[in-house]
Amino acid sequence: MFGQAPQWVLANGVPIADALVLSHPEQCDRLRAACPEAAPTAVLAGDPCFDRVLAARPYRERFRRALGVRAGQRLIVLNSTWNPESFFGDGGAGGDDLLPALLPRLAREFPVDEYRFAAVLHPNIWHGHGPGQVRAWLDRARRCGLVLIDPLEGWRQALVAADAVVGDHGSVTFYAAALGTPVLLAAAPLHELDPGAPVSDFMREAPRLDPGAPLREQIDRLIEHHRPLPGPAAYTTSVPGEAAVRLRTLFYSMMGAAEPEWPASLEPLPLPGHEPVSVTAPVHVLTRVPRPGEVVVTRWAGSPPAAECVGGEVHVAVHEDTRDVDQLELADVIFRDGLPDDPRFGSPAIWTEEVLRRHPGCALAAFTVGPAECVVRLRGGEPLRLLSSPEAAVDPATGASALHALLGAGEADGDVTATRLANLLADGGFAVRVGARRVRVRVRVAGLHPG
């Protein structure tokens, strides 16, 4: 029994701790069974880590925005503990490392505007292999939009923000289930767990990932049909919200000192730094124009599924900082993000002009200046501003690709394109449909007030 067997809690037959803090009476019972000599040291004091997470739930939308999650997107957190049978290992199957093998499929199966992925890896993975090696293994996935979460300071906020967690038998996955978040088990080595522990019950009851089946269908089905299991929430702590009070009372009693007069409290979870979505792998963009002034856009950071492309047009959009530099010469749309007054680029207007001059095959250049705005330029045209509502914005690069499709770049002659553009300016913009969302994108001549 990890952490409660005699070799963990006794030294020469004597408890090594004056107080062994536990979060639930069930743990006290298991301690008595595993090591009765240490049972008198048990103190029921709750779980300060989980209490901080519970207190942070009102700030869920802030955490989601910090992770670059837009309205309508689903945030999927991939979590792995550190041993060989974990999600980052072979999952107990004795084959290739499971999570690294699945990552390329995430880019192919999940549209980047509808899903956001984040990875929480156990600190021992980072320590055992080294940060450089971990980042190298996950480099392609990061260029496709995966964000790596700080394993010490950021994982709690990611759990609060998540729509679903794909994980294993580690504590982070159990915490996610305790929050009521849908959990899909990618690895569940029951032989490594105490069969009487709540985590074992959870591993037997929770839905399992089928690596051979379509991933998106499994994630969507998990979220839409989720029913929280009662075990994780019940057994994580029997005294939710009380850890600060109980622990401070314990500490001061052990010191033989009086407690301070002010209330005991835990430090709130800090708001993480902003993690903007940065997809530098070439993006394949499927567009359909069901009616004038409206574009349906689906983008993949990989080759799009052939069945999805029937009845639509596909073009390639590439970030200027891509590692796949040969794709810049094949790109229909080239984009980047940055500050509008960054002297390295001159200005968005100068940058767009330079890009079109440097890449003669590119039809449209887009410089993102904020989460809801970009400056675009068509070949032979003046710079334009594309803006959507900050509360329901699409990725500005998505709006740029929608404009490219709407104007029929590469198909219509210059007069037709100019006429269509003039109509968009007169009408104030166009509509973009991404997944189930429909967002209005306004078109303005660059330099004019957006209102």
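The values are calculated or read from the model by the stated rules, or taken from the named source; none is laboratory data. Because the structure is a prediction, the values reported are computed rather than measured. Virtual Cβ from ideal backbone geometry, glycine too; neighbours counted across all protein chains shown. We work out accessible area using only protein heavy atoms, side chains counted, and drop any ligands, DNA or RNA first. Shrake-Rupley method; radii C 1.70, N 1.55, O 1.52, S 1.80 Å.
So the values come out like this:
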quantity	calculated
³J(HN,Hα) computed for each position of region 35-42 - Karplus, 6.51 cos²θ - 1.76 cosθ + 1.60, integer Hz, glycine/proline x	8, x, 5, 8, 4, x, 7, 5
Cα centre as origin, Lys/Arg/Asp/Glu Cβ charges: region 98-187 dipole, Debye	240 debye
Average Cα contact separation per residue, region 149-251, under 8 Å, 6 or more apart, as relative contact order %	27 percent
In Å², nearest 10: area of Met203 left accessible to a 1.4 Å probe	0 Å²
Amide H contacts of Val295 (H built 1.01 Å from N, under 5 Å, at least 5 apart or other chain)	Ala431, Val432, Arg433
In order through region 420-437: 3J(HN,Hα) via Karplus (6.51 cos²θ - 1.76 cosθ + 1.60), integer Hz, x for Gly, Pro	4, 5, 4, 5, 5, 5, 5, 7, x, x, 8, 9, 10, 9, 10, x, 8, 9
Share of Cα-Cα pairs in region 305-451 lying beyond 19 Å, as whole percent	51 percent
Karplus (6.51, -1.76, 1.60) ³J(HN,Hα), θ = phi - 60°, over region 160-176, in Hz, Gly and Pro reported as x	4, 7, 6, 8, 7, 10, 10, x, 9, 8, x, 5, 4, 5, 5, 4, 4
Nonlocal amide H pairs with Cys362, under 5 Å, H built at 1.01 Å	none
Relative contact order [Cα under 8 Å, 6+ residues apart], region 120-188, whole percent	25 percent
Ranking by accessible area, most exposed first, for Ile16, Ile350, Ile76 with a 1.4 Å probe	Ile16, Ile350, Ile76
Accessible surface of His226 - all protein chains present, 1.4 Å probe, nearest 10 Å²	50 Å²
Relative contact order %, the chain, counting alpha carbon pairs below 8 Å whose residues are six or more apart	14 percent
Between 0 and 90°, nearest 10: helix 98-109 axis offset from the chain longest Cα axis	30 degrees
Dipole of the chain, positive end: most advanced residue of Pro263, Ile334, Pro151 [Cβ charges, Cα centre]	Ile334
Mean ellipticity per residue at 222 nm, deg cm²/dmol - from DSSP H runs of n ≥ 4 across the chain, formula -39500 (n - 2.57)	-9500 deg cm²/dmol
Cα-based radius of gyration of the chain once divided by 2.2 N^0.38 Å, which approximates compact folds	1.17
Beta bridges per DSSP with both ends in the chain, % antiparallel, nearest 5	55 percent
Dipole magnitude of the chain about its Cα centre (Cβ charges: Lys, Arg +1; Asp, Glu -1), debye to nearest 20	980 debye
